[in-house]
Each structure stands twice: as structure tokens, then as C-alpha cells.
């Protein structure tokens, strides 16, 4: 892969817990780092549920394999691309050549909520 194909900026978010002045714990997503990626659509579907049409898109992000990107996992990280949040579904490092890795992420489904800021 040529470095010039990494032409989209993505941001990796990490789950953290902050404690306010009176000791309450508040869960939030904080920006960890941003990097360049090659982005392609892996899957796109549209379904109708109870009269509500929703589109679910799965994207594949190819990024350079660095110590920062090797820390990404599906439970404590999310991804922001073009203003939308994506849940990380899979991380596939390349242990043979150690140059690039693939991250698969999907949009949040309609109606899903979480308690994070």
C-alpha cells in the first residue's frame, strides 16, 4: 500500500471515568489520538423495523501499525470519522510485515443509547 492512499483523518476515542468535586463517577469518551487512514465501505444495509427505516454501514479503516494503534480494542475504544461515531467491531494487526493494520467499525444503530458523554 502506498502512503498516499491514507487520505482520511480519523480520531480514536477511549473510555474513561472522571470523578467530579463531590465524588460522583462520570463515564465519558475522550480523544486519544488521530491518524490518517484509507477508508472503504465493507458492508451497507438498510432495514425497516416497526416502520422506522435505518441504515447500518460497516467501514474498513487501514492505518499504519504503531504502538498507539496496536493498543486499540473493541471494548474501550470508539472511532470518529467525518463527525460520526463508529463502534469498533474488530482490529486486525499484521504481524508478518508490521506496516499496516485493519480496523472494522460500524455506525450506531437507530435507537441505541449509552450513558456516556
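The values are calculated or read from the model by the stated rules, or taken from the named source; none is laboratory data. Given the structure is predicted, the values throughout are model-derived calculations rather than measurements. Neighbour counts are summed over all protein chains in view; Cβ atoms, including those assigned to glycine, are modelled from backbone coordinates with ideal geometry.
Of the numbered criteria (1) farther than 19 Å from residue 104 by Cα; (2) surrounded by 15 or more Cβ atoms within 10 Å (Cβ to Cβ), the one residue 77 fails is (1). If you scan region 27-54, which residues turn out to be more than 15 Å from residue 79 (Cβ to Cβ) and at pLDDT 90 or above? 28 - this is the single residue of region 27-54 that is more than 15 Å from residue 79 (Cβ to Cβ) and at pLDDT 90 or above. When region 88-99 is filtered for residues that are surrounded by fewer than 17 Cβ atoms within 10 Å (Cβ to Cβ) and touching a strand residue (DSSP E or B) at 6+ places or on another chain (Cβ under 9 Å), the ones remaining, listed by number, are 89, 90, 92, 93, 94, 99. On the given criteria, is residue 31 in a strand (DSSP E or B), under 17 Å from the mean Cα position of the chain (by Cα) and within 18 Å of residue 6 (Cα to Cα)? No: the conditions fail for residue 31.
Scanning region 17-28 for residues that are assigned to a strand (DSSP E or B) and surrounded by fewer than 10 Cβ atoms within 10 Å (Cβ to Cβ) yields a total of 3.
Cβ-Cβ contacts under 9 Å between residues 6 or more apart (or on different chains), taken from a first residue in region 57-77 that is under 12 Å from residue 13 (Cα atoms) to a second residue that is part of a loop (DSSP other than H, G, I, E, B), are listed as 69/93; 77/71. Need pairs with beta-carbon distance below 8 Å; first residue at positive phi and at pLDDT below 90 and within region 92-115, second surrounded by 12 or more Cβ atoms within 10 Å (Cβ to Cβ) and assigned to a loop (DSSP other than H, G, I, E, B); sequence gap 6+ or separate chains. Listed pairs, sorted by first residue: 98/65.
Condition check for residue 46 on (1) closer than 14 Å to residue 107 by Cα; (2) without any contact (Cβ under 8 Å) to a residue 12 or more places away in the chain; (3) not in a strand (DSSP E or B): one failure, at (3). The combined condition, being surrounded by 11 or more Cβ atoms within 10 Å (Cβ to Cβ) and in a strand (DSSP E or B), is not fulfilled by residue 53.
Evaluated against (1) under 16 Å from the mean Cα position of the chain (by Cα); (2) modelled with pLDDT under 90; (3) closer than 18 Å to residue 102 by Cβ, residue 3 falls short on exactly one condition, (1).
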